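Colleague: I have a structure I would like to understand better, so I am pasting it below and will then ask my questions one at a time.
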Amino acid sequence: MIYFVSGIDTDAGKSYCTAWLAQQFMKQGKRVITQKLVQTGNVGHSEDIDLHRRLMATGYLPEDREGLTMPEIYSYPCSPHLAARIDQRPLNLEKIGRATEELDRRYEVVLVEGAGGLMVPLTEELLTIDYIAQKGYPLVFVTSGKLGSLNHTLLSFEAIAHRHIPMSHLLYNLYPPVSDTTIQDDSCRYIQQWLRQHSPETRFCTVPILATRSASTGQDGCGQ
């Protein structure tokens with residue numbers, strides 16, 4: 001099963017949440033691997049895959065060394081369409097697709113982490129959200145309780161619904177920690193209420209600051 005992980009923006013905590021969700025699947029006894037659709041701002045390796053492996057406690061996997069989990073890497077830290085132009089190397093979507101399919105053949109669950117938010121351009125013609133829709137991947141969507149995130153979340157829900165993308169999980173990221181949780185707590189309540197009304201099939205998951213520590217809301221895992 002292939003899931004695509006995206007979020008409200010580049011600082012939503014997608015890499016941490018991708019690794020956390022991989023942990024949850026691993027606890028269920030599933031064989032899980034993560035992939036970075038396209039990595040920018042690196043040379044020769046993916047720092048997001050590095051983070052996944054540290055948090056999953058697996059060490060580097062054979063598929064990492066084969067390049068299947070980081071099929072496209074660009075040096076400049078920006079959106080993929082610009083990074084490809086700067087490095088003068090077009091994004092090879094067929095190569096990425098083949099790598100994802102091979103991972104799907106070897107593992108029960110593949111979590112594909114995108115770059116930035118849903119509307120980030122992969123190429124001059126293709127947005128990340130449209131790539132997800134074309135592939136038919138269930139979406140794992142990452143948001144948080146920081147100021148402004150509720151607006152970005154609801155706008156994203158509109159775009160997701162417009163493209164008829166199934167949203168399998170909503171990951172509510174509690175990082176970074178805040179002393180005043182007024183906004184964080186109410187955004188959590190509001191988003192859960194919205195999902196119950198408009199997307200009851202979506203699993204709401206609170207992602208704690210540390211995967212081994214209970215979240216401040218008293219939830220550490222997925223529910224409705």
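Each reported figure results from applying straightforward, stated rules to the coordinates on display, with no laboratory input. Just so we're clear, the structure is a prediction, and the values are computed from it rather than from any experiment. We place every Cβ from the backbone using ideal geometry, glycine too, and count neighbours over all the protein chains shown.
Colleague: Would you kindly state how much longer the chain becomes between ILE183 and LYS30 on full extension, computed as 0.36 nm times their sequence separation minus their alpha carbon distance, in nm to one decimal?
Modeller: Extra length from ILE183 to LYS30 when fully extended: 51.5 nm.
Colleague: Please compute P(r) over all alpha-carbon pairs of region 1-78, binned at 10 Å starting from zero, and give each bin as a whole-number percent.
Modeller: 19, 54, 25, 2
Colleague: Same structure, new question: Could you order peptides 53-61, 137-145, 103-111 by the average number of other Cβ atoms within 10 Å of their residues, highest first?
Modeller: 137-145, 103-111, 53-61
Colleague: Tell me which lysines have Cα within less than 26 Å of LYS146's Cα, excluding those fewer than 8 residues away on the same chain?
Modeller: Partners found: LYS14, LYS36.
Colleague: Another question, if that's okay. Taking 25 °C and 0.890 mPa s as the conditions, I'd like the Stokes-Einstein D for region 98-169 in µm²/s, using the Kirkwood hydrodynamic radius from alpha carbon pairs.
Modeller: Diffusion coefficient, whole number: 182 µm²/s.
Colleague: Convert 25 °C to kelvin, take the viscosity as 0.890 mPa s, use the Kirkwood radius over C-alpha pairs of the chain as Rh, and evaluate the Stokes-Einstein diffusion coefficient in µm²/s, rounded to a whole number.
Modeller: It comes out at roughly 139 µm²/s.
Colleague: So if R0 is 30 Å, what FRET efficiency would ASN92 and ARG196 give, r being the distance between their Cβ atoms, rounded to the nearest 0.05?
Modeller: 0.15
Colleague: Follow-up. What dipole magnitude, in Debye to the nearest 20, does region 54-106 give about its Cα centre under +1 on Lys/Arg Cβ and -1 on Asp/Glu Cβ?
Modeller: In total the dipole reaches around 120 debye.
Colleague: What FRET efficiency comes out for ARG85 versus HIS162 if R0 is 35 angstrom and r is the Cβ-Cβ distance? Round to the nearest 0.05.
Modeller: 0.80
Colleague: Once every DSSP H run of n ≥ 4 in the chain is given -39500 (n - 2.57) and the sum is divided by its residues, what mean residue ellipticity at 222 nm do you get, rounded to the nearest 500 deg cm²/dmol?
Modeller: For the chain, the value works out to -12000 deg cm²/dmol.
Colleague: Let's see if you can work this out: charge +1 on each Lys and Arg Cβ, -1 on each Asp and Glu Cβ, no other charges. What is the dipole magnitude of region 2-223 about its Cα centre, in debye to the nearest 20?
Modeller: Its charge dipole is roughly 500 debye.
Colleague: What is the sum of charges, Lys and Arg at +1 and Asp and Glu at -1, for the other residues whose Cβ falls under 14 Å from the Cβ of LEU139?
Modeller: 0
Colleague: Sticking with this one: How high is the relative contact order of region 2-223? Use alpha-carbon pairs under 8 Å, at least six apart in sequence, and give a whole percent.
Modeller: Averaging sequence separation for qualifying contacts and normalising by length gives 23 percent for region 2-223.
Colleague: Compute, for region 55-179, the length of the dipole vector about the Cα centre, with Cβ point charges of +1 (Lys, Arg) and -1 (Asp, Glu) only. Units Debye, rounded to 20.
Modeller: Its charge dipole is roughly 200 debye.
Colleague: Another question, then. Highest first, please rank the peptides 87-93, 124-130, 31-37 by the mean number of other Cβ atoms sitting within 10 Å of their residues.
Modeller: By packing density, highest mean first, the sequence is 31-37, 124-130, 87-93.
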